[in-house]
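These notes are about the structure you will find just below.
Since every read-out is calculated from the coordinates, none of them should be taken as a lab result. This is a predicted model, so every value here is computed, not measured. Note that each Cβ is placed from the backbone with ideal geometry, even for glycine, and that neighbours are counted across all protein chains shown.
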Amino acid sequence: MNTYESPALSEIVSYMNHHNDNFTAEMLIRTLGAMVNGSGTFDDGIDTVHTMMKKVNSTLFDMMDGSGWTKYTQISAWQVASLLAAQTEKPAFQVFYDSLANAGEDGSLKTELAGISSSQLTGILENRADMPGLSGYVRTKDGEILAYSLMLNGYSQTESIQLVKNFANKLVELAQ
């Protein structure tokens, strides 16, 4: 009989967030379900996320997958930003913060935000053609960490990419 020890959860989350790995996100939903409800089912994972979100804000949302890839998952930019803001108060926040890509420097933000190189802007880029977005944190010159989330609908892919880049540039300008 063989035993396999997975990498630490912080390493898994870092890889997932840097590379926007949707498969890993799907598996982590099931892991949450197993850790909290004793069953590694998708439904138990979603129930766990709903319970966690109720502690942050009471606005309901529809979560139909673990990665946000399906168009049937419905959550607002405000809800995402609220969740990110709440994370800054958690003991493991620094681990989560460090798991995010830096604009123009690494992960999914390296190529999409090329030319913006700034460790002041971290986040996750959703590069879906039908609903691109960018969510994460910007660190101000005073060291304050601000959560942000941008989600776009109804724009062409070319327009969306430009809007995301413009938004990221503005965040970096505001941080300086």
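Odds and ends about this structure:
- Of the GluC sites (Glu not before Pro) found in the range 1-60, those that fall in a DSSP loop while having at most 12 other beta-carbon atoms within 10 Å are Glu5.
- What the phi angles of the range 100-109 give under the Karplus curve with 6.51, -1.76 and 1.60, with θ = phi - 60°, is a coupling list of 7, 6, 9, 3, x, 10, 7, x, 5, 8 Hz, glycine and proline written as x.
- Options Asn37, Ser135, His50, ranked by Cα towards positive dipole end of the chain, top entry (Cβ charges): Ser135
- On the basis of the beta-carbon distance and an R0 of 45 Å, Glu144 and Glu5 show a calculated FRET efficiency of 0.70.
- Under the criterion of Cα pairs below 8 Å and six or more residues apart, the relative contact order for the range 9-175 equals 18 percent.
- Near the amide H of Glu126, within less than 5 Å, lie the amide hydrogens of Gly133, Leu134, Ser135, all on another chain or at least 5 residues away, with H placed in the peptide plane.
- Take the Kirkwood radius over Cα pairs of the range 9-175, plug it into Stokes-Einstein at 25 °C and 0.890 mPa s, and you get 150 µm²/s for translational diffusion.
- With R₀ fixed at 30 Å, the C-beta to C-beta distance from Glu105 to Thr51 puts the FRET efficiency at about 0.30.
- Separation of alpha-carbon centers, the range 85-133 and the range 147-172, rounded to whole Å: 13 Å
- The phi-based Karplus calculation (6.51 cos²θ - 1.76 cosθ + 1.60; θ = phi - 60°) puts the 3J(HN,Hα) values of the range 140-155 at 6, 4, 8, x, 6, 9, 10, 8, 9, 7, 10, 10, 10, 9, x, 10 Hz, whole numbers, x for Gly and Pro.
- For the chain, the Cβ-based charge dipole about the Cα centre amounts to some 340 debye (Lys, Arg positive; Asp, Glu negative; other atoms uncharged).
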